[in-house]
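To start, the structure under review is shown below, and the notes come after it.
Every number here is computed from the coordinates shown, using simple stated rules; none is lab data. If you're wondering where the values come from, they're calculated on a predicted model, not measured in any experiment. Heads up, the Cβs are rebuilt from the backbone with ideal geometry, glycines too, and the neighbour counts pull from every protein chain shown.
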């Protein structure tokens, strides 16, 4: 998993805007601070659909860029955003869980019309990147 730096800025009475200095043209908007992880994850997924792999720069490297320093001076903040590359190949795994937890997972997955595997994958993704 890689982390790409987002520059988060907000003007009064507007949504949060996100740009990714390492990924030209990759941007997102979120109506609230809590919605930023999902918006950022979606932006990264869309950008990497038709763009080449890019090695992320370090936070220090990005902070030293004059245009970024200017944005930070005006109130923007830097946020590392985890990115899990799309790989739709499935892998069978063997995991051990407490029986009570497994029953709760199965009941919840069934109520949501999901399989156990999709529920666990969705939960893990949400925990890792803040978006399902």
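Give the residues of region 3-21 that are surrounded by 15 or more Cβ atoms within 10 Å (Cβ to Cβ) and under 13 Å from residue 44 (Cα atoms), sorted by residue number.
Selection gives 4, 5, 6, 18, 19, 20, 21.
So for region 58-67 (the condition being part of a helix (DSSP H, G or I), more than 21 Å from the chain's Cα centre (by Cα), without any contact (Cβ under 8 Å) to a residue 60 or more places away in the chain and more than 30 Å from residue 11 (Cβ to Cβ)), does at least one residue qualify?
Scanning region 58-67, I find no residue that is part of a helix (DSSP H, G or I), more than 21 Å from the chain's Cα centre (by Cα), without any contact (Cβ under 8 Å) to a residue 60 or more places away in the chain and more than 30 Å from residue 11 (Cβ to Cβ), so the answer is no.
With the checklist (1) within 18 Å of residue 123 (Cα to Cα); (2) touching a helix residue (DSSP H, G or I) at 6+ places or on another chain (Cβ under 9 Å); (3) assigned to a loop (DSSP other than H, G, I, E, B) in hand, flag the one item residue 82 doesn't pass.
Looking at each condition in turn, residue 82 falls short on (3).
Per-residue answers, yes or no, for (1) in contact (Cβ under 8 Å) with a residue 24 or more places away in the chain; (2) within 18 Å of residue 8 (Cβ to Cβ):
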| residue | (1), (2) |
| --- | --- |
| 32 | no, yes |
| 78 | yes, yes |
| 100 | no, no |
| 123 | no, no |
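Quick check on my filter: what residues within region 86-111 are touching a helix residue (DSSP H, G or I) at 6+ places or on another chain (Cβ under 7 Å) and surrounded by 10 or more Cβ atoms within 10 Å (Cβ to Cβ)?
105, 106, 108, 109 - these are the residues of region 86-111 that are touching a helix residue (DSSP H, G or I) at 6+ places or on another chain (Cβ under 7 Å) and surrounded by 10 or more Cβ atoms within 10 Å (Cβ to Cβ).
With respect to residue 11, determine if the residue is outside any strand (DSSP E or B) and either over 14 Å from residue 76 (Cα atoms) or under 12 Å from the mean Cα position of the chain (by Cα) (or both).
No; evaluated as a whole, the condition is false for this residue.
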